[in-house]
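The values are calculated or read from the model by the stated rules, or taken from the named source; none is laboratory data. Computed from a prediction, not measured in an experiment: that's the story for all the values here. Every residue, glycine as well, gets a Cβ built from its backbone with ideal geometry; the counts of neighbours run over all protein chains shown.
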Amino acid sequence: MRQVARIFIMLAAVCLSACEQSHNEVEVNFIEINQGRVKGHFIPQLEVVSFKGIPYAQAPVGDRRWQAPLPATKWRGVLNADDFAHKCMQNPLFSDMQFRASGMSEDCLFLNIWAPQERTEQKFPVLVYFYGGGFIAGDGSENRYDGADMASNGILTVTVNYRLGVFGFMAHPQLSSESAYAGSGNYGLLDQQAALIWVAQNIAAFGGDPKRITIAGESAGSISASAQTLSAKSIPHIHGVIGESGSIMGRFVSSLAQSESQGLALAEAVLEGEDLSIAALRALPADELLKRATQAGYQQLLPTIDGKFLTDTPQKLFETKKFADVPVLAGVNSQEGSYQQLFGEEEVTQENYLLALQKLYPDNFRKIAALYSGESTEELKRAAQDLMSDRFISESTWKWINAATTYGSADSYYYLYDHIRPAMKSIYNRGQRQEISDMGAVHSAEIEYVLGNLDTNPIYEWEKEDFEVSTMAQQYFINFIKSGNPNGEHLLPWPKFNTQQQLVIKLEPFITDLKKVEERYLGLSGL
């Protein structure tokens with residue numbers, strides 16, 4: 001009898017434990033927000049709960065195409081947030097963009113949240129991440145942006161979908177006349193802003209601290225993050241910013257007049273009849289509009305100084321201190337561009353180098369040659385790579401952190417990412433073995449490392465050294481998101497940007513002087 005009693009007691013204890021665990025999971029899996037009730041998905045191996053496909057704004061379809069986003073409506077019952085929603089309208093771009101979205105649609109304004117399962121009285125810091133893709137592709141469902149690992153490290157992580165291409169960035173005189181601010185364009189940036197405001201209003205329900213939101217992104221996402229720090233409605237909700245390769249400073253923004261002119265040309269190219277109205281453009285099905293705009297060469301459109309989201313040039317907004325004066329962590333990769341972009345099929349020689357520079361800078365090619373100098377073949381390759389990297393995205397990134405440091409009071413930190421990513425598996429590279437450059441880290445190579453997502457991206461032949469670099473790089477980012485300072489135990493001390501030093505991130509990280517790089521950037525921006 002005693003043995004039977006013991007068995008009953010053990011079974012009762014197991015049942016009680018299981019019931020308690022189930023109750024705790026139910027508590028964190030079901031969240032009440034302004035729009036209604038949301039059910040998440042528990043990831044037991046990481047003790048994280050994911051909430052995928054939450055609408056943060058109304059669908060921008062029909063007459064809502066090319067309008068600022070409106071707040072999402074309430075729903076009845078429970079929203080089962082167990083799967084990613086639609087990605088925004090786009091064409092295929094790069095093979096390493098591995099989407100998990102449930103299709104593609106103009107109805108795409110959704111966000112995804114990964115939250116630690118264990119809730120504490122102290123709210124968790126929040127990371128809001130904007131994807132890259134040149135403002136023409138990308139999605140919050142991509143493997144490399146997965147937020148589970150960051151959440152397992154105590155950071156509530158959010159990825160945001162925003163409109164792209166012709167849907168997200170077309171300006172047009174008729175659209176400007178419709179708006180209360182006499183401007184147009186920037187709908188993708190306004191989407192991001194709406195998502196940021198949604199996060200500030202709702203994230204506490206998921207365990208996040210609305211007063212500790214860091215925004216971040218890579219490439220177009222980094223340009224977006226820098227732009228958000230200059231927009232009045234975003235500024236109150238930003239408490240830190242991370243920029244990986246890119247900023248709104250420089251060639252990544254157009255005047256309203258330029259953008260409207262481009263919009264008129266786009267309408268003429270896309271509409272085949274006499275009616276060139278916005279109504280006619282809105283009447284086109286989304287896939288047909290995308291197809292026609294692409295065929296006409298209007299796949300990529302840039303952000304605009306529209307008078308609403310951006311009220312002045314980025315430089316002027318910094319000079320007049322109309323920006324989020326918050327800690328900044330930004331940097332670039334060592335091979336953002338390649339020497340082949342300058343030389344093409346020509347042999348790498350001093351003569352061909354000067355000829356190529358003369359085509360780009362007819363009046364100043366000798367000044368450029370002095371800034372980006374080289375004698376040997378390898379030196380010329382390096383000089384050309386540096387120039388093409390700077391022209392593409394590196395100079396604009398430096399201009400951002402330099403302006404934020406010059407006109408602000410918050411701390412800032414700059415990096416050069418120099419760990420070479422391994423080869424892509426042949427099955428993801430048209431069955432061909434991928435040749436890897438030994439000249440540095442290519443554009444976007446750092447994403448999986450800093451977000452702790454090597455395991456979620458099966459494309460590359462990851463090795464032990466890659467995981468070591470990821471552990472170190474991610475810890476810097478985690479520290480910054482939590483405290484505004486990337487430094488911590490067992491890490492090489494990272495000096496502030498105002499010391500004119502940067503951290504070089506690779507297997508054996510080191511600190512290097514920025515003075516020569518800054519001379520290069522200043523010389524380039526003056527031409």
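Just checking, which of 344, 337 is surrounded by 14 or more Cβ atoms within 10 Å (Cβ to Cβ) and within 31 Å of the chain's Cα centre (by Cα)?
Being surrounded by 14 or more Cβ atoms within 10 Å (Cβ to Cβ) and within 31 Å of the chain's Cα centre (by Cα) holds for just one of 344, 337, which is 337.
Among the residues of segment 484-493, is there at least one that is more than 16 Å from residue 417 (Cβ to Cβ), surrounded by 13 or more Cβ atoms within 10 Å (Cβ to Cβ) and under 21 Å from the mean Cα position of the chain (by Cα)?
Looking through segment 484-493, at least one residue is more than 16 Å from residue 417 (Cβ to Cβ), surrounded by 13 or more Cβ atoms within 10 Å (Cβ to Cβ) and under 21 Å from the mean Cα position of the chain (by Cα).
Which one is farthest from the chain's Cα centre (by Cα), of the residues in segment 235-244 that are crowded, with 24+ Cβ neighbours inside 10 Å and closer than 20 Å to residue 315 by Cβ?
Only one residue tops the list, namely 241.
Has segment 237-254 got any residue that is in contact (Cβ under 8 Å) with a residue 40 or more places away in the chain, part of a helix (DSSP H, G or I) and under 30 Å from residue 505 (Cα atoms)?
So far as segment 237-254 goes, yes, one or more of its residues are in contact (Cβ under 8 Å) with a residue 40 or more places away in the chain, part of a helix (DSSP H, G or I) and under 30 Å from residue 505 (Cα atoms).
Checking residue 298 against (1) crowded, with 17+ Cβ neighbours inside 10 Å; (2) of a type outside the set (S, T, N, Q); (3) within 30 Å of residue 169 (Cβ to Cβ); (4) modelled with pLDDT of 95 or more, which test does it fail?
Residue 298 satisfies all of (1) crowded, with 17+ Cβ neighbours inside 10 Å; (2) of a type outside the set (S, T, N, Q); (3) within 30 Å of residue 169 (Cβ to Cβ); (4) modelled with pLDDT of 95 or more except (4).
Just checking, does segment 458-469 include any residue being crowded, with 20+ Cβ neighbours inside 10 Å, touching a Leu at 6+ places or on another chain (Cβ under 7 Å) and modelled with pLDDT of 95 or more?
Looking for residues that are crowded, with 20+ Cβ neighbours inside 10 Å, touching a Leu at 6+ places or on another chain (Cβ under 7 Å) and modelled with pLDDT of 95 or more, one finds at least one in segment 458-469, hence yes.
Given the conditions (1) modelled with pLDDT under 95; (2) of a type in the set (Gly, Ala, Ser); (3) closer than 21 Å to residue 221 by Cβ, which single one is not true for residue 426?
(3)
Would you kindly identify the helices (runs of 4 or more DSSP H) lying entirely within segment 395-513 that contain at least 3 residues that are over 26 Å from residue 123 (Cα atoms) and among the hydrophobic types (A, V, I, L, M, F, W, C)?
Passing ranges, in order: 395-407.
State which residue is surrounded by the fewest Cβ atoms within 10 Å (Cβ to Cβ) when the search covers only segment 409-433 and only residues that are within 23 Å of residue 494 (Cα to Cα) and charged (D, E, K, R).
Residues of segment 409-433 that are within 23 Å of residue 494 (Cα to Cα), as a first pass: 409-421.
Narrowing further to those that are charged (D, E, K, R): 411, 418, 421.
Values: 411: 18, 418: 20, 421: 23.
Per the stated criteria, the residue is 411.
Among the residues of segment 452-477, write down those that are aliphatic (A, V, I, L, M) and either touching a Gly at 6+ places or on another chain (Cβ under 8 Å) or free of Cβ contacts under 8 Å to residues at least 60 places away in the same chain (or both).
454, 469, 472, 473
Among the listed residues 287, 306, which satisfies the condition of being of a type in the set (Asp, Glu), surrounded by 16 or more Cβ atoms within 10 Å (Cβ to Cβ) and modelled with pLDDT of 95 or more?
306
Among the residues of segment 314-328, is any within 16 Å of residue 65 (Cβ to Cβ) and either surrounded by fewer than 23 Cβ atoms within 10 Å (Cβ to Cβ) or in contact with a His (Cβ under 9 Å, 6 or more places away or on another chain) (or both)?
no
Could you grab me the full set of residues in segment 213-236 that are in a helix (DSSP H, G or I) and either at positive phi or of a type outside the set (A, V, I, L, M, F, W, C) (or both)? Spell out how you get there, then give the answer.
Step one: list which residues in segment 213-236 are in a helix (DSSP H, G or I), which gives 220-228, 235-236.
Answer for segment 213-236, where residues must be in a helix (DSSP H, G or I) and either at positive phi or of a type outside the set (A, V, I, L, M, F, W, C) (or both): 221, 222, 224, 226, 228, 236.
What tally of residues in segment 362-418 results from selecting those that are under 25 Å from the mean Cα position of the chain (by Cα) and basic (Lys, Arg)?
Initial filter on segment 362-418 (under 25 Å from the mean Cα position of the chain (by Cα)): 385-418.
Of the ones still in play, those that are also basic (Lys, Arg) are 391, 399.
Residues meeting the conditions: 2.
Any residue in segment 45-71 that is free of Cβ contacts under 8 Å to residues at least 24 places away in the same chain sitting within a Cβ distance under 7 Å of a residue that is in a strand (DSSP E or B) and surrounded by fewer than 17 Cβ atoms within 10 Å (Cβ to Cβ)? List the pairs, counting only those 6 or more apart or interchain.
Pairs found: none.
Consider residue 105 carefully, then state whether it is touching a residue at least 60 places away in the same chain (Cβ under 8 Å), surrounded by fewer than 20 Cβ atoms within 10 Å (Cβ to Cβ), more than 21 Å from residue 458 (Cα to Cα) and within 22 Å of the chain's Cα centre (by Cα).
yes
Within segment 354-403, restricting attention to residues that are among the hydroxyl-bearing types (Ser, Thr, Tyr) and under 23 Å from residue 441 (Cα atoms), which residue is surrounded by the fewest Cβ atoms within 10 Å (Cβ to Cβ)?
376
With the requirement that a residue be more than 15 Å from residue 181 (Cβ to Cβ) and of a type in the set (Ser, Thr, Tyr), what does segment 294-323 give you?
294, 298, 313, 320
Look through segment 191-212, keep the residues that are out of contact with any helix residue (DSSP H, G or I) (no Cβ under 6 Å at 6 or more places or on another chain) and part of a strand (DSSP E or B), and return whichever of them is surrounded by the fewest Cβ atoms within 10 Å (Cβ to Cβ).
211
Spot the failing condition for residue 26; the list is (1) of a type outside the set (Gly, Ala, Ser); (2) closer than 27 Å to residue 208 by Cα; (3) at pLDDT 90 or above, and only one is missed.
Residue 26 satisfies all of (1) of a type outside the set (Gly, Ala, Ser); (2) closer than 27 Å to residue 208 by Cα; (3) at pLDDT 90 or above except (3).
Taking only segment 106-138 into account, find how many residues are hydroxyl-bearing (Ser, Thr, Tyr) and in contact with a Lys or Arg (Cβ under 8 Å, 6 or more places away or on another chain).
Number satisfying all stated conditions: 0.
Could you tell me whether residue 38 is at pLDDT below 95, crowded, with 19+ Cβ neighbours inside 10 Å and not charged (D, E, K, R)?
Details: at pLDDT below 95: no; crowded, with 19+ Cβ neighbours inside 10 Å: yes; not charged (D, E, K, R): yes.
Answer is no for this residue.
Output the helices (runs of 4 or more DSSP H) that fall wholly within segment 317-383 and possess 3 or more residues being touching a residue at least 40 places away in the same chain (Cβ under 8 Å) and out of contact with any Ser or Thr (no Cβ under 7 Å at 6 or more places or on another chain), or say none.
Where helices (runs of 4 or more DSSP H) fall fully within segment 317-383 and carry at least 3 residues being touching a residue at least 40 places away in the same chain (Cβ under 8 Å) and out of contact with any Ser or Thr (no Cβ under 7 Å at 6 or more places or on another chain), they are 340-343, 365-371.
Among the residues of segment 61-82, are any touching a strand residue (DSSP E or B) at 6+ places or on another chain (Cβ under 6 Å), closer than 28 Å to residue 443 by Cβ and among the basic types (Lys, Arg)?
No: zero hits.
Filter segment 273-303 for residues that are without any contact (Cβ under 8 Å) to a residue 40 or more places away in the chain and either over 26 Å from residue 133 (Cβ atoms) or in contact with a Pro (Cβ under 6 Å, 6 or more places away or on another chain) (or both) and give the result.
273, 274, 275, 276, 279, 280, 283
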